[in-house]
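**Q** There's a structure below that I have some questions on.
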């Protein structure tokens, strides 16, 4: 009976993992651009780049000049100064004298019934000059001077409401950074691939674009004002569809963020991100859950069979199981490498095969803790 269960677990895991890796994630890994260039007969629509910042003096000092290097004729930058106690206010005043298209609004306090970032973002969106809103964070940098043009094109030119892009992290030395690179690409494989499949379920606020008019009409944060986080993925989860959304896969349309330097900082960040998943639609929870369950069944069944056949010196069966595990590992490595190259133009060191195994603990331990947690914070 035990051997049957191990084969059953392993078989189910192999089949479902194969579907995810080849059919779903393959959409991103082997994505081919349509080759369409921007439509030249459409007037350039104004864009507002929106950044909500709390005590981000050092990052804003670098980000603001970088934003004004963008090769796009009609845009402004709105910085929401959210209760900052550092030199942010003085910096913005100085920068506004240098950059006429830089604007700011200050949040002095947050009402009790809302969370700080959602309140800051809502205020910024309400006073934004343009209807096309492009979001990023203070610690993010556009990967090229074409970022605004390419991220907003589906909305400006194709009538979409949402434009969902990729945001990666700087490559640094150390095991933590390799894990961050791996987990970021894996997350992107989920939301970019399902988006390409006309079933979008999340986006990242570090690189997300939508229309102000839709946001205000939908009262976009209604229902999850009280949640820390979710201003990006829950908004997309609630309102994005296959018809009103577009996925932008282009290395020139990405942003790059500063990664966490310590495991403690990283775990606090991921707790907030994973907690938002608790409020996804049921069908979207199942998309992630089925992958993670099949991933666990694959490794539990596979390792169990290797141990069983190894102890019993049944080397023919041992080699069959080992060969299947090796084949999946080759697919995983190739898909992750191809996806990273496709979406960000390079393949960062990710320790793909080791981190693929460690994902078991990440999802089932940290995911469970985050799901139950009530002490989630932004800043």
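**Q** I need a count of the residues in segment 235-247 that are surrounded by 23 or more Cβ atoms within 10 Å (Cβ to Cβ), out of contact with any strand residue (DSSP E or B) (no Cβ under 7 Å at 6 or more places or on another chain) and over 17 Å from residue 137 (Cα atoms).
**A** Count: 0.
Residue by residue, here is whether (1) surrounded by 12 or more Cβ atoms within 10 Å (Cβ to Cβ); (2) in a loop (DSSP other than H, G, I, E, B) holds:
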{"site": "4", "(1), (2)": "no, no"}
{"site": "8", "(1), (2)": "yes, no"}
{"site": "31", "(1), (2)": "yes, yes"}
{"site": "45", "(1), (2)": "yes, yes"}
{"site": "65", "(1), (2)": "yes, no"}
{"site": "79", "(1), (2)": "yes, no"}
{"site": "89", "(1), (2)": "yes, no"}
{"site": "109", "(1), (2)": "no, yes"}
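**Q** Scan segment 219-233 and report the pairs whose first residue is assigned by TED's automatic domain parsing to the domain that holds residue 111 and under 13 Å from residue 119 (Cβ atoms) and whose second residue is assigned to a loop (DSSP other than H, G, I, E, B) and modelled with pLDDT under 75, with Cβ atoms within less than 8 Å and a gap of 6+ or a chain change.
**A** 224/230; 227/376; 228/376; 228/377; 228/378
**Q** What about residue 14, is it in a helix (DSSP H, G or I) and not assigned by TED's automatic domain parsing to the domain that holds residue 208?
**A** Yes, satisfied.
**Q** Going through segment 330-349 one residue at a time, which ones are under 17 Å from the mean Cα position of the chain (by Cα) and touching a residue at least 40 places away in the same chain (Cβ under 8 Å)?
**A** 336, 339, 340, 342, 343, 344, 345, 348, listed by residue number.
**Q** For residue 196, work out the one condition from (1) closer than 24 Å to residue 346 by Cβ; (2) surrounded by fewer than 21 Cβ atoms within 10 Å (Cβ to Cβ); (3) modelled with pLDDT under 95 it doesn't fulfil.
**A** Condition (3) is where residue 196 drops out.
**Q** Related question: Which condition number in (1) touching a residue at least 40 places away in the same chain (Cβ under 8 Å); (2) more than 19 Å from residue 75 (Cα to Cα) is the one that residue 124 fails?
**A** Checking residue 124 against (1) touching a residue at least 40 places away in the same chain (Cβ under 8 Å); (2) more than 19 Å from residue 75 (Cα to Cα), the one that fails is (2).
**Q** Considering segment 42-81 alone, what residues qualify as being in contact with a strand residue (DSSP E or B) (Cβ under 8 Å, 6 or more places away or on another chain) and free of Cβ contacts under 8 Å to residues at least 60 places away in the same chain?
**A** 64, 68, 74, 76, 77, 78, 79, 80, 81
**Q** Out of everything in segment 145-171 that is surrounded by fewer than 19 Cβ atoms within 10 Å (Cβ to Cβ) and within 19 Å of the chain's Cα centre (by Cα), what residue ends up being nearest to residue 214 (Cα to Cα)?
**A** Ranking the candidates gives 170 first.
**Q** Being part of a helix (DSSP H, G or I) and surrounded by fewer than 19 Cβ atoms within 10 Å (Cβ to Cβ) is the filter here, so list the residues in segment 111-138 that pass it.
**A** Selection gives 123, 126, 127.
**Q** Where in segment 248-350 are the helices (runs of 4 or more DSSP H), entirely inside, with at least 1 residues that are in contact with a strand residue (DSSP E or B) (Cβ under 9 Å, 6 or more places away or on another chain) and surrounded by 14 or more Cβ atoms within 10 Å (Cβ to Cβ)?
**A** Result: 315-344.
**Q** Still on this model: Anything in segment 147-196 that is within 21 Å of residue 268 (Cβ to Cβ) and part of a helix (DSSP H, G or I)? List them, or say none.
**A** Result: 175, 176, 177, 178, 179, 180, 181, 182, 183, 184, 186, 187.
**Q** On to the next question. Do we have residue 84 as buried (at least 18 other Cβ atoms within 10 Å of the Cβ), without any contact (Cβ under 8 Å) to a residue 60 or more places away in the chain and in a loop (DSSP other than H, G, I, E, B) here?
**A** Against the criterion (buried (at least 18 other Cβ atoms within 10 Å of the Cβ), without any contact (Cβ under 8 Å) to a residue 60 or more places away in the chain and in a loop (DSSP other than H, G, I, E, B)), residue 84 qualifies.
**Q** Name the residue, out of 14, 19, 77, that is more than 30 Å from residue 300 (Cβ to Cβ), modelled with pLDDT of 95 or more and more than 21 Å from the chain's Cα centre (by Cα).
**A** Exactly one of 14, 19, 77 is more than 30 Å from residue 300 (Cβ to Cβ), modelled with pLDDT of 95 or more and more than 21 Å from the chain's Cα centre (by Cα), namely 77.
The values are calculated or read from the model by the stated rules, or taken from the named source; none is laboratory data. If you're wondering where the values come from, they're calculated on a predicted model, not measured in any experiment. All Cβ positions, glycine included, derive from the backbone under ideal geometry; neighbour counts span all protein chains shown.
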